[in-house]
Amino acid sequence: MSMTTEAFERIRDAIVSGGLEFGEHLSETQIATALGMSKAPVRAAFIELRDKGLVTIVPQSGTYVFSPTADDVRTMSEFRALLENQALAEAYAGRRDVMLGRMDEAIRAMRKAIAAKNWDAYRNADSSFHLAFLEECGNRFILKAYHLTSTALEALRVRLQRGAGNYREQSFREHCEIAALLREGKTKAAAAILRQHILVINQSLHTLPLSANKGSRKDKPDDRDYASVFAERIQHR
């Protein structure tokens, strides 16, 4: 693994997990020190993170974790719902058995993660469930478009799971229902639950740490403990 890839993955994971907050200023120098590398791979990682929509690079100001508004979340979730429903239909038509096998494997992993209260493992299994039809639909453009917003929405969902009571339990039930309905050939019902599953985030916008104004940023902290942020992510891998 290259240093840039390592920096990208470590910073991305910290953003998704909530270790780094929305709108937070990111110090290239301090992050490089915490990761035990030079500034060059961190700088390159920032550019990749910007392309994924996870950071904003402001000339003469610095790099900041993305700071979505309620309208941003609604737009992203609607976009994802359209893509996933189309991918589900295409995968069901062309790769039904392979898709269902992958879904079943993801559900087993989710159930195991819930029993162990391993939420990083649950998050990975949740992503695998959706990738079962996104990767089996045979349309590379759908998958490419999905990745434009998938990580940003994942970061939002992690924060929703922490503060919304039974959100994770509801999410798991919906995964199981979608797979069961597809096995019965009830594709329209499965698609309806999938859309509901994705758009549920819009019903809980008031619980999320969103910005009132697009592009809002927090002041630069002088004493951010990046070593603790990244050490915590290692422990949960």
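The values are calculated or read from the model by the stated rules, or taken from the named source; none is laboratory data. Keep in mind the model is a prediction, meaning the values are calculated, not measured. Glycine also receives a Cβ, built like all others from the backbone with ideal geometry; neighbour counts cover every protein chain displayed. Heads up: the accessible areas ignore ligands, DNA and RNA and are worked out on the full protein's heavy atoms, side chains in. Shrake-Rupley method; radii C 1.70, N 1.55, O 1.52, S 1.80 Å.
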Any chance R96 is touching a residue at least 40 places away in the same chain (Cβ under 8 Å) and among the charged types (D, E, K, R)
yes
Can you tell me which residue in segment 52-68 is least open to solvent (accessible area, probe 1.4 Å), limited to those that are under 12 Å from R12 (Cα atoms) and not in a strand (DSSP E or B)?
L54
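In this structure, does E21 turn out to be out of contact with any strand residue (DSSP E or B) (no Cβ under 6 Å at 6 or more places or on another chain), open to solvent by 30 Å² or more (accessible area, probe 1.4 Å), among the acidic types (D, E) and more than 22 Å from N202 (Cα to Cα)? Walk me through how you get there before you give the answer.
Values: out of contact with any strand residue (DSSP E or B) (no Cβ under 6 Å at 6 or more places or on another chain): yes; open to solvent by 30 Å² or more (accessible area, probe 1.4 Å): yes; among the acidic types (D, E): yes; more than 22 Å from N202 (Cα to Cα): no.
Answer is no for this residue.
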Could you name every one of the helices (runs of 4 or more DSSP H) located completely within segment 98-197 that has at least 2 residues being of a type in the set (S, T, N, Q)?
119-134, 150-163, 167-183
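Restricting the search to segment 81-99, which residues are open to solvent by less than 20 Å² (accessible area, probe 1.4 Å) and in contact with a Phe, Trp or Tyr (Cβ under 9 Å, 6 or more places away or on another chain)?
Step one: filter segment 81-99 for residues open to solvent by less than 20 Å² (accessible area, probe 1.4 Å), giving 81, 84, 87-88, 91, 99.
Listed by number, the residues that qualify are E84, A87, L88, A91, M99.
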